[in-house]
Amino acid sequence: MLSLFRYFVVAGLINTALFVVLLLLNKRNNTATILLICLMLLVSFQALLNGFDNRDFFLAHPNLFRVSWLQLSLFGPLIYLLVKVLTSESQRLKWVDALHVIPFIIYCVILAPWFLKPASEKRRILEDFEGLSRHDFGWLNQVSLVMIFIYLLFSLRQQSIYRKRIENTFSDISMRRLDWIRQFLYSLLIILVISGLGFYGRKWNIPLITHFYHYNYVIIVGLVYWLAYKCLIQPELFSVNEGPEKTGKEKYRKSGLPVEGEQSIYEKLLFEMDTMKPYLDPALTIYTLAEKLQVSRHHLSQVINERSGKSFYDFINIYRVEEVKRRLKSPAFSHHTILSIAFDAGFNSKATFNATFRKFTGMTPSAYQKSSEKQV
């Protein structure tokens, strides 16, 4: 079973190298993709060292022993900086971000006595591999687990700030980027919990849990595949963040869509919205709506922005708010709660619904309902 695991890890490392080559050949690489490449290589090499964590391997390659300890100091900072870059306006690192290299420097100083030993002396010490491996569960690697957890908390806080910043603009790319970051961070949090269980399972010889230590890296290699897939298939998630979706003609100056074609698409769109009510689907995206209308996503975005002066999500949510208002006034929905009406109208979050309703009506849903009852 361990051999199969090692083959999987090696295959993951080879494929990661291929993905990295493909990404490096992309002339549009930016800070986010460079950080992602570094993280993928780091994770893959860490998985390789873990998969071959045995006496024979390190006797053959003594200078690789404890490199995994050093690499742990880079995981947290890389994850945080990647999230920070993806959620910032400029998507650039600042000089102050160099402070996140300090843990790596400290680890280098602590581990220097081992790394500076000649290979022959390392081999002599590695003869007692079992005894030496017990140090793997010492204070330094425990600090590493805590540090990665703290950086994950910082990253989650960063994505929360980003969510609040974009919730009133609803850029299509920004919302999908937010979903990706959330999935990425929660996946890492799950992996960290499993790693922690495996770490202390090995440290205290707890049955069953002790096996988590090695096989947790199967999940990590899977995460690397997912990262590469997202970066290659959806590169816009890692592209320069333009902030709120632009709404002027400047954005679409080179689109090639004539005025009469724009009018035709807009009329088609309004007819679809009024008759088929696609906005009732909470999973509606500009891609699925463009497919329904049989137009390109870019042209549909242009039409919505230029004809309505709104972003896609504002355009859709105005229809949803109007649907909620209509139902709140209707006696047929008097036995429904406001939240259930909101969900039926296409909203999928209470917070988003409240913020959006207030944005377009100037009052809370409950205040609007009370005012409607008075008018009746």
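Quick check on Ser195: is it within 28 Å of the chain's Cα centre (by Cα), in a helix (DSSP H, G or I), modelled with pLDDT of 80 or more and over 30 Å from Arg358 (Cα atoms)? Answer is yes for this residue. Just to be sure, is Ser144 of a type outside the set (A, V, I, L, M, F, W, C), in contact (Cβ under 8 Å) with a residue 12 or more places away in the chain, surrounded by 13 or more Cβ atoms within 10 Å (Cβ to Cβ) and under 21 Å from Ile194 (Cβ atoms)? Yes, satisfied.
So for the range 20-27 (the condition being farther than 20 Å from Tyr225 by Cβ and either assigned to a helix (DSSP H, G or I) or modelled with pLDDT under 85 (or both)), does at least one residue qualify? Yes, the range 20-27 contains at least one residue that is farther than 20 Å from Tyr225 by Cβ and either assigned to a helix (DSSP H, G or I) or modelled with pLDDT under 85 (or both). Taken together, the residues in the range 281-299 that are in a loop (DSSP other than H, G, I, E, B) and on the phi < 0 side of the Ramachandran plot amount to 7. Hey, any hits in the range 349-371 for a residue that's in contact with a Leu (Cβ under 6 Å, 6 or more places away or on another chain), in contact (Cβ under 8 Å) with a residue 24 or more places away in the chain and over 22 Å from Ala283 (Cβ atoms)? Checked against the condition, which is being in contact with a Leu (Cβ under 6 Å, 6 or more places away or on another chain), in contact (Cβ under 8 Å) with a residue 24 or more places away in the chain and over 22 Å from Ala283 (Cβ atoms), the range 349-371 yields at least one hit.
Given the criteria more than 14 Å from Leu74 (Cβ to Cβ), surrounded by fewer than 16 Cβ atoms within 10 Å (Cβ to Cβ) and touching a residue at least 60 places away in the same chain (Cβ under 8 Å), does Ile125 qualify? When the stated conditions are applied, Ile125 does not pass them. Would you say Leu86 is under 18 Å from Leu36 (Cβ atoms) and assigned to a helix (DSSP H, G or I)? When the stated conditions are applied, Leu86 passes them. Of the candidates Leu178, Leu208, the single residue that is under 30 Å from Ile304 (Cα atoms) and at pLDDT below 85 is Leu178.
For the range 95-106, does any single residue satisfy the condition of being farther than 30 Å from Leu178 by Cβ and in contact with a Pro (Cβ under 8 Å, 6 or more places away or on another chain)? The answer is no, given that none of the residues of the range 95-106 is farther than 30 Å from Leu178 by Cβ and in contact with a Pro (Cβ under 8 Å, 6 or more places away or on another chain).
Checked across the range 311-321, the condition of being closer than 30 Å to Gly261 by Cα, of a type in the set (Asp, Glu) and at pLDDT 90 or above holds for no residue. In this structure, Thr288 does not qualify as of a type in the set (Ser, Thr, Tyr), within 24 Å of Ser160 (Cα to Cα), modelled with pLDDT under 90 and in contact with an Asp or Glu (Cβ under 9 Å, 6 or more places away or on another chain). Only residues that are buried (at least 18 other Cβ atoms within 10 Å of the Cβ) and either among the charged types (D, E, K, R) or without any contact (Cβ under 8 Å) to a residue 60 or more places away in the chain (or both) were counted across the range 317-345, and they come to 10.
Table: residues versus (1) over 16 Å from Tyr151 (Cβ atoms); (2) buried (at least 19 other Cβ atoms within 10 Å of the Cβ); (3) among the aromatic types (Phe, Trp, Tyr).
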position	(1), (2), (3)
Ala32	yes, yes, no
Phe57	yes, no, yes
Gly76	no, yes, no
Phe104	no, no, yes
Pro113	yes, no, no
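The values are calculated or read from the model by the stated rules, or taken from the named source; none is laboratory data. Note that the structure is predicted; figures quoted are calculated from it, not measured. Positions of Cβ are generated from backbone atoms using ideal geometry, with glycine treated the same way; all protein chains shown enter the neighbour counts.
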